Amino acid sequence: MKRIIAIVAGGDSSEHEVSMKSAEGIYSFIDKEKYTLYIIELTRQSWEAILPDGSRSQVDKNDFSFTDNGQKIVPDFAYITIHGTPGENGILQGYFELIGIPYSTCDVLVSALTFSKFTLNQYLKSFGVRIAESMLVHKSHGISDEEVIDKIGLPCFIKPNASGSSFGVTKVKTREQIQPALETAFKESDDVMIEAFMDGTELANGCYRAKGRTVVLPITEVVSKNEFFDFNAKYNGEVTEITPARLSPELTARVQKLTSAIYDILGCKGLVRVDYIITEGEKINMLEVNTTPGMTATSFIPQQVRAAGLDIKDVMTEIIEDHFN
């Protein structure tokens, strides 16, 4: 009998539609001869399973079940591809832990830790991982232009501490841009991270663990046509993505070794993407860890899987089956 896989998407953030596109990608990647698949869309108002005929069935939150053609369906596994709350910050992971359904991502603690960019960076800094200078500002406190300039300097990035897909992110070059950038970021998160600008080559590196081994994928070099790797660069083609990245074998090995180390330090599970910027002197600076990376056909992870000579269908099977062995 086929295992039933729920691809859990949507969520309550600005990334809802991006998440739904990832769900379509994952649906196309998973082996349908081995598994029965349903996409389940979550919003704050309702949880609905999308049935094969396009109709929808309400999900019972008591056991994550729903009805298809009069039959009660209880998924065997949840593949979480929500970018933002509640699927990237540990909330949904806690729910699945409580009802006993295995899921694809990192656990509650790791999900919560990686979702807070500032907290994650300070944590990994204690392990010797190089990061940019940054500070955290809460909406109720605010910060003056002078403090930003004195402590971080210009240019800098002002970004929501708990958000993704570059929503609410501004590259700030002048004093006059600071307060408007803070207002934009606070629309996405109550906490805002102010981060020093680093000039260099931006990279993304995927990693997963299955069958007792860690697989570090080829690295992608990101060349944005815009000021930075913003929403339009990520989703509207205003970027050049080069996989594998144009790095020396030595630097490639160093980045991949660091990705594997970060994965292990955090105790990650499933597919994870670590983003970096390489500055002068081949210094590797970590930007963030994404525990529910984009999974459309053109996203970084599928690109890197192809570049590694792997079949994305096999990778997905390994990740799912790893939870049942």
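Take the Cα radius of gyration of the stretch 261-325 and divide it by 2.2 N^0.38 Å, N being the number of residues; the result is 1.29.
Restricting the stretch 81-156 to chymotrypsin sites (Phe, Trp or Tyr not before Pro) that sit in a DSSP loop and have at most 10 other Cβ atoms within 10 Å of their own Cβ leaves 127. The residue 261 and residue 144 beta-carbon pair, evaluated with R₀ = 41 Å, returns a calculated FRET efficiency of approximately 0.60. Looking at the stretch 1-158, the pairs of alpha carbons with a distance over 26 Å make up 40% of the total.
Stokes-Einstein D for the chain at 4 °C, 1.567 mPa s, Kirkwood Rh over Cα pairs, in µm²/s? Here the translational diffusion coefficient equals 63 µm²/s.
The residues of the chain expose, per residue, 45 Å² of accessible area to a 1.4 Å probe. Quotient of the Cα radius of gyration of the stretch 92-156 and 2.2 N^0.38 Å, N being its number of residues: 1.56. By accessible area, using a 1.4 Å probe on protein heavy atoms only, the stretch 115-211 has 47% of its surface on carbon and sulfur. On full extension, the segment bounded by residue 74 and residue 190 gains 38.2 nm, given 0.36 nm per residue less the C-alpha separation. Inverting the pair-averaged 1/r between distinct Cα atoms of the stretch 1-54 gives 11.6 Å as its Kirkwood hydrodynamic radius. With R₀ set to 30 Å, the beta-carbon distance separating residue 43 from residue 298 gives a calculated FRET efficiency near 0.70.
Pairs of Cα atoms under 8 Å, at least six residues apart: use those to get the relative contact order of the chain, whole percent.
18
Mean sequence separation of contacting Cα pairs (under 8 Å, at least six apart), scaled by the length of the stretch 245-325, corresponds to a relative contact order of 17 percent. Summarising the amide proton neighbourhood of residue 224: residues at separation of 5 or more, or on other chains, whose placed amide H is nearer than 5 Å comprise 240. The lysine pair tally for the stretch 57-194, using Cα distances under 24 Å and a gap of 8 or more places or different chains, is 25. Reported to the nearest whole Å, the Cα centre-to-centre distance from the stretch 264-314 to the stretch 62-91 is 25. Entry note, the chain: the mean residue ellipticity at 222 nm calculated from DSSP H runs of n ≥ 4, each adding -39500 (n - 2.57), is -8500 deg cm²/dmol after division by the residues and rounding to the nearest 500.
The values are calculated or read from the model by the stated rules, or taken from the named source; none is laboratory data. Please read these numbers as outputs of a predicted model, since none were measured by experiment. As a convention, Cβ positions derive from the backbone with ideal geometry for all residues, glycine included, and neighbour counts pool all protein chains shown. Heads up: the accessible areas ignore ligands, DNA and RNA and are worked out on the full protein's heavy atoms, side chains in. Shrake-Rupley method; radii C 1.70, N 1.55, O 1.52, S 1.80 Å.
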